[in-house]
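Each remark here refers to the structure printed beneath this line.
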Amino acid sequence: MVARFKRAGKTAGAMLRAALDLALPRLCAACREPVDGQGLCPQCWSKLSFISRPYCERLGIPFVYDPGPGILSMEAIADPPAYNRARAAVRFDEISRALVHALKYGDRLDLAPMMGGWLANAGRELLVGADALVPVPLHWRRRWARRFNQSAVLAAAVSAATGVAVAAGALKRVKATAQQVGLSRSERAANVQGAFRVPPEGKAAVVGRRLILVDDVLTSGATVEGCARALLRAGAANVDVLIFARVADPVRTSI
Ligand SMILES: [Zn+2]
């Protein structure tokens with residue numbers, strides 16, 4: 001991160017912030033109450049909604065009742081994704097959104113090890129036998145504005161927790177896509193059409209490899225779908241998806 005701060009001419013500011021960080025108690029990422037150690041206070045922690053089985057083995061969407069082992073959702077059968085399996089750590093709600101925003105816009109990189117630990121736990125089955133983690137890339141212009149890619153930060157944290165390498169240059173966002181917020185499902189799919197590509201220098205990390213895409217939030221799944229297609233087209237052996245927080249509609253039916 002230091003190099004990026006330098007590039008943005010904010011080295012002194014970053015150092016000052018780091019110094020203050022040591023001197024002041026940390027604040028809860030959601031309600032801003034002081035907390036010890038972890039990024040959430042006990043009240044906000046208790047409101048988090050971790051995703052666990054039963055869920056669709058393909059999409060990772062929680063079922064409202066347990067249909068038995070290995071059952072897929074209607075969505076997975078009717079409209080199978082390009083990727084193999086998706087898993088998410090928590091439901092996207094008020095608390096997880098606060099965590100994602102704190103990491104993304106609030107320079108709360110101290111949250112990354114905790115969030116990465118939850119990701120590693122949610123993706124345990126995917127991580128066994130995975131060759132590398134591939135963060136969903138930002139377009140260079142957005143990364144420059146934000147100074148870092150939050151998906152790369154999360155992938156690095158998962159890597160630190162599990163030892164699975166990060167293939168940072170495996171995928172590029174070649175089209176500056178509009179923000180997905182407010183778009184319909186089909187608009188989101190069209191928005192990311194052709195947005196991702198495996199660059200020539202990224203091929204070696206992709207061909208014949210078992211990869212896990214890492215992203216912070218999954219809404220319609222259009223972004224990871226676009227990424228998975230690009231990786232598979234370039235010759236990846238398998239693509240799974242690991243998400244920090246997913247929008248999970250609990251009323252979806254199973255068969
Ligand atoms: Zn709190």
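The values are calculated or read from the model by the stated rules, or taken from the named source; none is laboratory data. Because the structure is a prediction, the values reported are computed rather than measured. No Cβ is skipped: glycine too gets one built from the backbone with ideal geometry, and neighbour counts run over all protein chains shown. The area values use the complete protein model at the heavy-atom level, side chains included, leaving out ligands, DNA and RNA. Shrake-Rupley method; radii C 1.70, N 1.55, O 1.52, S 1.80 Å.
Here are the numbers for this structure:
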| quantity | calculated |
| --- | --- |
| Selected residue [touching a strand residue (DSSP E or B) at 6+ places or on another chain (Cβ under 9 Å), open to solvent by less than 70 Å² (accessible area, probe 1.4 Å) and at negative phi] from A157, A170 | A170 |
| Subset of the stretch 194-218 that is touching a Gly at 6+ places or on another chain (Cβ under 7 Å) and open to solvent by 60 Å² or more (accessible area, probe 1.4 Å) - its residue that is farthest from F50 (Cα to Cα) | E201 |
| Given (1) open to solvent by 30 Å² or more (accessible area, probe 1.4 Å); (2) free of Cβ contacts under 8 Å to residues at least 40 places away in the same chain; (3) under 17 Å from the mean Cα position of the chain (by Cα), index of the condition N149 fails | (1) |
| Single condition Y55 does not satisfy, out of (1) open to solvent by 80 Å² or more (accessible area, probe 1.4 Å); (2) away from the ligand (no atom under 16 Å from the Cβ); (3) at pLDDT 90 or above | (1) |
| Candidate set: the stretch 191-222, residues that are in contact with an Asp or Glu (Cβ under 6 Å, 6 or more places away or on another chain) and not in a loop (DSSP other than H, G, I, E, B); chosen: the one farthest from A167 (Cα to Cα) | R210 |
| Check on D36, surrounded by fewer than 19 Cβ atoms within 10 Å (Cβ to Cβ) and within 15 Å of the ligand (Cβ to nearest atom) | yes |
| Among (1) over 20 Å from A86 (Cβ atoms); (2) in contact with a His (Cβ under 7 Å, 6 or more places away or on another chain); (3) among the charged types (D, E, K, R), the one test that R173 misses | (1) |
| Qualifying positions in the stretch 61-91 - under 26 Å from L232 (Cβ atoms) and of a type in the set (A, V, I, L, M, F, W, C) | I61, I71, L72, M74, A76, I77, A78, A82, A86, A88, A89 |
| In the stretch 58-82, residue modelled with the lowest pLDDT [restricted to those that are β-branched (V, I, T) and surrounded by fewer than 19 Cβ atoms within 10 Å (Cβ to Cβ)] | V64 |
| Failed criterion for C41 (all others in (1) open to solvent by 40 Å² or more (accessible area, probe 1.4 Å); (2) within 16 Å of the ligand (Cβ to nearest atom) hold) | (1) |
| Subset of the stretch 223-239 [surrounded by 24 or more Cβ atoms within 10 Å (Cβ to Cβ) and assigned to a strand (DSSP E or B)] | V239 |
